[in-house]
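A short write-up of the structure that comes next.
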Amino acid sequence: MNFIGTYWALVPPLVAILLALITKEVYSSLFVGIVLGAVFFCVSTGSGVDGFVTHLLDNTVGEGNDAQSYGLIHCLSDNWNVGILVFLVILGTMVALMNKAGGSAAFGKWASKRVKSQVGVQISTLLLGVLIFIDDYFNCLTVGSVMRPITERHSVSREKLAYLIDSTAAPICVIAPISSWAAAVAGFCAVGENGLALFCQAIPFNFYAFFSIIFILAIVLTRYDFAAMRKFDINQNVDDATTDEVGEIADAKMEVASSGIGLKKLGKSGTVLDLVVPILLLISFCVLGMIYSGGFFRAGETYHDFIDAFAASNASVGLVIGSLTALILAGLWLVTRRVITFEDALSCLIKGFEAMVPAILILTLAWTLKSMTDSLGAAAYVAQLVEGTELQMLLPAVIFVTACFLAFATGTSWGTFGILIPICVAVFPVGAPLRIISISACMAGAVCGDHISPISDTTIMASAGAGCKHVNHVSSQLPYAVTVAVISFLTYVVAGFTQHLGVLQSGVISWAFGLFAMASIFVLLKKMGKLQR
């Protein structure tokens, strides 16, 4: 029996998702999906009874066979993945350093004097999320660490904080030209084409990202919420009922310097600058690191200007270079000002790594599951479905749904970009409005699927940053994400049918329809009692 290149290729991730929702345990669910995918692959390749166990172990834990590699060890040895893991540890260390220095506590005190309401603290969280646009991992962990004490003081649940974080992480990064996401999307375009320019052209049609931000603003300002979120607002003080392994990441990060040895020894207290300066250093040097990896500082034929350097950058390498430089400078800033001791600064390395262990484990398993899905030919199967669609006017909507489903099943938006964007680039001619709209639909659908998938790294990081139970975060934000997804789907239908008018005209008509649809659905949900105060 052949499972490769058929709908069976999507069964392992779907089983993992279903088990995670039922058992509320992520690690074992992901591992079951990996093993099931390995079984499908071994059966399809006809390894025989004698070699079945050997091939099963190779494809689950090892490096795969001679021709292809998908196992756990292979994913851990991948240069890109290793870079992301190192970046994650550095971010954890940076957060631990800011907490140890008292920067987070000082910012909390500063903000608590100026933010006097639940609406104000939620708007502040959204603004901070918008400002930290360089990378979604950095966004989730930093916003969660800084805002969690303030939101808890104003009785905003951890689940609501996780939703605020998640809605200003990937949706912001995917519409920011200077971000790791822009670099990734640009890298999936055809050789010789300015992928970053194409990314910028597609930004206005990224309806899911924009509508997610607008919808959450409406939710915060009107104080309406779905029942799935309100039940956590009522029980928001019961920490032991809302924390799991993922939540422990944030718990580990929330140790502030007021109880640390360093501040007591030196008699100094942290200030807001001890939070702001490290964040500014992190953003600045991450940007410099990305353009460095893209050739901006090189001479001769390998030189790229600023825009081309971003398009050619290696986000994994650039973020590690930038974050490591920022970490060293931030450590020097704090130590030379005698806010913390050198020994305490070094201890943050261990604290940062310890805080990231649960997330690293989940990411490793999620990457392995995604790799196993690729080995079963999920990309070819989805590509065949998309290319077989005859009604081109419906293609943006079809691509949006396809990208959403694929990102949901695999837990990765970047993997979805890699599958669908080359297809969009190949199918539509250069300069065609449908080409730009379809690429936007691909990015929007990928972010939507990533947003609601329980095995998505961004969703995991949002839970980690807020310190809430991962399954609670997934279930509580699902009604919001699905509502915006429906509005976005309808808007892409309108964009497809109006694309012959031109990019500008189609954009104006689509935006007008989308905003009208959002307002109408919002009022309808209130009348039906789905949204309540």
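R153 contributes an accessible area of around 130 Å² to the protein surface, as traced by a 1.4 Å probe with all chains present. Cross-link check: pairs K116/K526; K113/K160; K160/K231; K160/K530; K116/K527 evaluated at a Cα-Cα cut-off of 20 Å; pairs beyond the cut-off: K116/K526; K113/K160; K116/K527.
Got a sec? What order do V486, V89 fall in by accessible area at 1.4 Å, biggest, i.e. largest, first?
Details: V486 70, V89 30 Å².
So, going from the largest accessible area down, we get V486, V89.
Around the amide H of L531, modelled in the peptide plane, lie the amide H atoms of K526, all under 5 Å away and 5 or more residues distant in sequence or on another chain. Here r is the Cβ-Cβ distance between K530 and D305 and R0 is 35 Å; the resulting FRET efficiency, rounded to 0.05, is 0.10.
Counting heavy atoms of the protein chains alone, D78 has an accessible area of about 60 Å² for a 1.4 Å probe.
Once you have a ≥ b ≥ c as the square roots of the Cα gyration tensor eigenvalues for the range 426-506, tell me rounded if a/c is under 1.5, and otherwise prolate or oblate according to whether a/b is larger than b/c. Write out the running numbers ahead of the final one.
Details: a/c = 4.11, a/b = 2.42, b/c = 1.70.
Note, shape of the range 426-506 comes out prolate.
Remark: the W80-I214 segment gains 44.9 nm on full extension, using 0.36 nm per residue and subtracting the alpha carbon distance.
Counting Lys and Arg as +1 and Asp and Glu as -1, what is the net charge of the other residues whose Cβ lies under 13 Å from the Cβ of P12? Each step should come with its number before you reach the end.
Working: positive: K370; negative: D374.
My count for the surroundings of P12 gives 0.
Would you work out if the range 442-485 is rounded, prolate or oblate? Take a ≥ b ≥ c from the square roots of the eigenvalues of the alpha-carbon gyration tensor; rounded if a/c is under 1.5, else prolate when a/b is larger than b/c, oblate otherwise. List each step's numbers first, then the result.
Values: a/c = 2.60, a/b = 1.50, b/c = 1.74.
Because a/c hits 1.5 or more and a/b fails to exceed b/c, the range 442-485 counts as oblate.
Ordered by 1.4 Å accessible area with all protein chains kept, E152, E343 run largest first as E343, E152.
The values are calculated or read from the model by the stated rules, or taken from the named source; none is laboratory data. It should be emphasised that the depicted structure is a prediction, and the values quoted were computed from it without experimental measurement. For neighbour counting, all protein chains shown are included, and Cβ atoms are generated from backbone atoms with ideal geometry for every residue, glycine included. Calculation scope for accessible area: heavy atoms of the full protein, side chains included, ligands and nucleic acids excluded. Shrake-Rupley method; radii C 1.70, N 1.55, O 1.52, S 1.80 Å.
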